[in-house]
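Engineer: For reference, the structure I am asking about is given below.
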Amino acid sequence: MEKYLEKVMKMRRWVVIGHHIPGRVRLKYKLGIVAQLMQFNLQNVDDVIAQIPAFRSYKLNKATGSIVIEYDANTLPLELVDDLFGESDQAAERAYFAIAQYLSGEGIQL
C-alpha cells in the first residue's frame with residue numbers, strides 16, 4: 001500500500017481538479033506541466049491509477065490538457081477523491097490511507 005503513495009503524491013502535484021461529479025473527475029494539468037510530461041513516462045500515470053482498484057479507467061487528453069478518471073462512486077466517496085487531488089499534501093495523504101482502509105474493508109488490497 002505505502003509503496004504507491006509516493007507515486008500518487010507525485011502525480012497529484014501536477015494537476016488540479018477541473019470538474020468533479022460522483023464517479024468522474026477531470027484533472028487539469030497545472031501550468032508548466034507540459035515540459036514535465038515530456039520527460040515523464042506515461043506508464044507511470046497508468047501505474048498510479050491502476051493501483052487504486054476503485055479507479056475504473058482514465059483518459060489522457062493532450063488537446064484539453066486534462067485527465068479524466070472514472071471511478072466507482074459507490075466504493076469511493078467523492079470527498080476522498082477531492083482530498084486526494086486537492087491542494088493539501090496532508091489531506092491527500094490522509095485520503096490515500098482512508099481510501100486504502102475503505103477498500104481493505106471491502107476485501108480489496110492496495
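The values are calculated or read from the model by the stated rules, or taken from the named source; none is laboratory data. Here the structure is a predicted model, which means the values were calculated and not measured. For neighbour counting, all protein chains shown are included, and Cβ atoms are generated from backbone atoms with ideal geometry for every residue, glycine included.
Engineer: Can you tell me which residue is modelled with the lowest pLDDT among those in segment 36-59 that are closer than 21 Å to GLU87 by Cα and of a type in the set (A, V, I, L, M)?
Structural biologist: So the residue we want is LEU37.
Engineer: Name the single residue that is modelled with the highest pLDDT among those in segment 66-109 being under 21 Å from ASP47 (Cβ atoms) and part of a loop (DSSP other than H, G, I, E, B).
Structural biologist: The selected residue is PHE85.
Engineer: What are the pairs with Cβ atoms under 6 angstrom where one residue, in segment 62-73, is touching a residue at least 40 places away in the same chain (Cβ under 8 Å) and the other, located anywhere, is of a type in the set (A, V, I, L, M, F, W, C) and surrounded by 17 or more Cβ atoms within 10 Å (Cβ to Cβ)? Sequence gap at least six, or different chains.
Structural biologist: The qualifying pairs are ILE67/LEU27; ILE69/VAL25; ILE69/PHE55; TYR71/ALA54; TYR71/PHE55; ASP72/ALA54.
Engineer: If you don't mind, there's one more thing I want to ask. Against the definition (among the aromatic types (Phe, Trp, Tyr) and modelled with pLDDT of 80 or more), how does TYR4 come out, yes or no?
Structural biologist: In short, no.
Engineer: Look at GLU70 and say whether it is under 19 Å from PRO22 (Cα atoms), surrounded by fewer than 17 Cβ atoms within 10 Å (Cβ to Cβ) and touching a strand residue (DSSP E or B) at 6+ places or on another chain (Cβ under 8 Å). If you could, list the steps in order and put the result at the bottom.
Structural biologist: Values: under 19 Å from PRO22 (Cα atoms): yes; surrounded by fewer than 17 Cβ atoms within 10 Å (Cβ to Cβ): yes; touching a strand residue (DSSP E or B) at 6+ places or on another chain (Cβ under 8 Å): yes.
Judged against the criteria, GLU70 is a match.
Engineer: Among the numbered criteria (1) outside any helix (DSSP H, G or I); (2) over 12 Å from the mean Cα position of the chain (by Cα); (3) modelled with pLDDT of 85 or more, which single criterion is violated by ARG26?
Structural biologist: (2)
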